[in-house]
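Student: Below is a structure I'd like to ask you about.
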Amino acid sequence: MPNIIHSGYKYLTPLSKLLYLLHMDIFLLLFMFVTMPSPTLGSSQIPAMFVFGDSLVDPGNNNQLKTLAKANYPPNGIDFPLGATGRFCNGATIADHLGNLLGLDLIPAFNNPSTIGSNIMQGVNFASSSAGILNDTGNHIGQNFPLFQQVQNFGENILPELKSPTLNSDTTFKDYLAESLFFSNIGNNDFLNRHLLPPNYPLNRDIPPEFYDMLVNEYSILLEKLYSYGARKFLVTGLAPLGCLPIVIALYSKDTNQCYEHHNEVSRKFSAMINIMVQHLNQDLPGASLLYWDIYTATRQIIDNPSQYGREANVKFAKV
């Protein structure tokens, strides 16, 4: 598949521009990989990238599912060369741009019938809109691939197919997996599609601490499962600022031009726990390198300082 976003900047959303220009963790990530030449792919910095997550990085895995969580129709994709592919945005996702930064072609969706053979050698994207860390998150909307199933799809479907003549020895295959990037961006829906559901949620009721702990524990187990398959390099994000979603502002915020801080506090709390989890896994998993990416702060910088990223000042949301 050709790298249709290699010229990049034309298609960058403000969040992706921040990825290019500002967020130093990405430069650390690149440094971590360029010191290790790829054994299989000439100009790319890593052999492959495997993506796990929700609608922030979903390339269209829900298109064939029975669910309301689909984006394969306009105005989604109006700035994307391939049109409305199932990405929940006007252009490319942060996973698309990260792959581009690392010299990879556009990473294909797992649930696309063409994602077989040589098309999977630079990676596969398993992300599914409405999905979460817990298996039943988002089920009220319809089908999705929860993180457990995404990891299972990698281990049971993609991993055996990767053991191809292209990687014809155990040593080469082990190196291929160890030098590939495993990018995970998930957890938003475990709050939005559970405790923060508008019909069920009494305002200002705290989410039980046990729920946060359960999510972190399950998340850690699934990342360790990827490690057992051979993954060694991980990029793990925190949550987005949930209180800055347009639907949340419209429903809860007294000022329609301000984020709702109750939901943002949930994002900050769980993101801090993910960061600690990443640190523990770095200590517990021999040979693993896990990097935490604070997308909450990055996104808030755009929202709070729009002119610095080529945007007009934030305007009030219209009621329809």
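The values are calculated or read from the model by the stated rules, or taken from the named source; none is laboratory data. Computed from a predicted structure; not experimentally measured. A quick note on method: Cβ atoms are made from the backbone with ideal geometry, for glycine too, and the neighbour counts reach across all protein chains shown.
Student: Residues LEU68, LEU98: which one is of a type outside the set (D, E, K, R), touching a residue at least 24 places away in the same chain (Cβ under 8 Å) and loosely packed, with under 15 Cβ neighbours inside 10 Å?
Tutor: Values: LEU98 fails: loosely packed, with under 15 Cβ neighbours inside 10 Å.
Exactly one residue qualifies, and that residue is LEU68.
Student: Moving to a separate point now. If you go through the range 81-102 one residue at a time, how many are part of a loop (DSSP other than H, G, I, E, B) and either within 18 Å of the chain's Cα centre (by Cα) or at pLDDT 90 or above (or both)?
Tutor: The first filter runs over the range 81-102 and keeps only residues part of a loop (DSSP other than H, G, I, E, B), leaving 81-93, 102.
Narrowing further to those that are either within 18 Å of the chain's Cα centre (by Cα) or at pLDDT 90 or above (or both): 85-93, 102.
Number of matching residues: 10.
Student: Quick one: in the range 156-188, which of the residues that are in a helix (DSSP H, G or I) and modelled with pLDDT under 85 is surrounded by the most Cβ atoms within 10 Å (Cβ to Cβ)?
Tutor: Checking each candidate, the answer is LEU167.
Student: So, of the residues in the range 254-299 that are of a type in the set (D, E, K, R) and at pLDDT 90 or above, which turns out to be surrounded by the most Cβ atoms within 10 Å (Cβ to Cβ)?
Tutor: Top of the filtered list is ARG268.
Student: List the number of the failed condition for VAL236; all other conditions in (1) surrounded by fewer than 20 Cβ atoms within 10 Å (Cβ to Cβ); (2) in contact with a strand residue (DSSP E or B) (Cβ under 6 Å, 6 or more places away or on another chain) hold.
Tutor: So the condition that VAL236 fails would be (1).
Student: Need the failing condition index for ASN112 against (1) surrounded by 24 or more Cβ atoms within 10 Å (Cβ to Cβ); (2) out of contact with any strand residue (DSSP E or B) (no Cβ under 7 Å at 6 or more places or on another chain); (3) assigned to a loop (DSSP other than H, G, I, E, B), just the number.
Tutor: It fails just one condition, (1).
Student: Is it the case, given these coordinates, that ALA250 is under 20 Å from the mean Cα position of the chain (by Cα) and not hydroxyl-bearing (Ser, Thr, Tyr)?
Tutor: Taking the combined requirement at face value, the residue does not satisfy it.
Student: Can you pull out the residues in the range 112-134 that are touching a helix residue (DSSP H, G or I) at 6+ places or on another chain (Cβ under 9 Å) and polar (S, T, N, Q)?
Tutor: Restricting attention to the range 112-134, the residues satisfying the condition of being touching a helix residue (DSSP H, G or I) at 6+ places or on another chain (Cβ under 9 Å) are 112, 115-118, 120-134.
Of everything in the range 112-134, those that are touching a helix residue (DSSP H, G or I) at 6+ places or on another chain (Cβ under 9 Å) and polar (S, T, N, Q) turn out to be ASN112, THR115, SER118, GLN122, ASN125, SER128, SER129, SER130.
Student: Among all residue pairs at least 6 apart or on different chains, which show Cβ distances below 8 Å where the first residue, located in the range 48-59, is over 24 Å from LYS163 (Cα atoms) and the second is surrounded by fewer than 24 Cβ atoms within 10 Å (Cβ to Cβ) and of a type in the set (Ser, Thr, Tyr)?
Tutor: From the range 48-59, the pairs are PRO59/THR85.
Student: State yes or no: is GLU265 of a type in the set (Asp, Glu), out of contact with any strand residue (DSSP E or B) (no Cβ under 8 Å at 6 or more places or on another chain) and within 15 Å of SER184 (Cα to Cα)? Spell out how you get there, then give the answer.
Tutor: Numbers: of a type in the set (Asp, Glu): yes; out of contact with any strand residue (DSSP E or B) (no Cβ under 8 Å at 6 or more places or on another chain): yes; within 15 Å of SER184 (Cα to Cα): no.
Criteria not met by GLU265.
Student: Now, a different point. For the range 125-155, enumerate the residues that are surrounded by fewer than 21 Cβ atoms within 10 Å (Cβ to Cβ) and more than 16 Å from GLY187 (Cβ to Cβ).
Tutor: At the first step, the residues of the range 125-155 found to be surrounded by fewer than 21 Cβ atoms within 10 Å (Cβ to Cβ) are 135-136, 139-143, 148-149, 152-153, 155.
Answer for the range 125-155, where residues must be surrounded by fewer than 21 Cβ atoms within 10 Å (Cβ to Cβ) and more than 16 Å from GLY187 (Cβ to Cβ): ASN139, HIS140, ILE141, GLY142, GLN143, GLN152, ASN153, GLY155.
Student: Hey, another quick one. Which of (1) crowded, with 17+ Cβ neighbours inside 10 Å; (2) closer than 17 Å to ALA131 by Cα does GLY243 not meet, given it meets every other one?
Tutor: Tallying (1) crowded, with 17+ Cβ neighbours inside 10 Å; (2) closer than 17 Å to ALA131 by Cα, GLY243 fails exactly one: (2).
Student: When you check ASN61 against the structure, is it in a loop (DSSP other than H, G, I, E, B), of a type outside the set (A, V, I, L, M, F, W, C), in contact with a strand residue (DSSP E or B) (Cβ under 8 Å, 6 or more places away or on another chain) and at pLDDT 95 or above, yes or no?
Tutor: Taking the combined requirement at face value, the residue satisfies it.
Student: If we only count helices (runs of 4 or more DSSP H) wholly inside the range 241-308, which ones have 2 or more residues that are in contact with a Leu (Cβ under 7 Å, 6 or more places away or on another chain) and within 30 Å of SER180 (Cα to Cα)?
Tutor: So the answer is 261-284, 295-304.
Student: Looking at the range 214-225, is at least one residue among the hydroxyl-bearing types (Ser, Thr, Tyr), crowded, with 17+ Cβ neighbours inside 10 Å and free of Cβ contacts under 8 Å to residues at least 60 places away in the same chain?
Tutor: no
Student: If you don't mind, there's one more thing I want to ask. Out of all the residues in the range 77-93, is one or more touching a Cys at 6+ places or on another chain (Cβ under 9 Å) and among the hydrophobic types (A, V, I, L, M, F, W, C)?
Tutor: Scanning the range 77-93, I find at least one residue that is touching a Cys at 6+ places or on another chain (Cβ under 9 Å) and among the hydrophobic types (A, V, I, L, M, F, W, C), so the answer is yes.
Student: List the pairs whose first member sits in the range 113-124 and is over 22 Å from LEU65 (Cα atoms), whose second member is among the acidic types (Asp, Glu) and assigned to a helix (DSSP H, G or I), and whose Cβ atoms are under 9 Å apart, counting only residues at least 6 apart or on separate chains?
Tutor: Hits for this filter: GLY117/GLU161.
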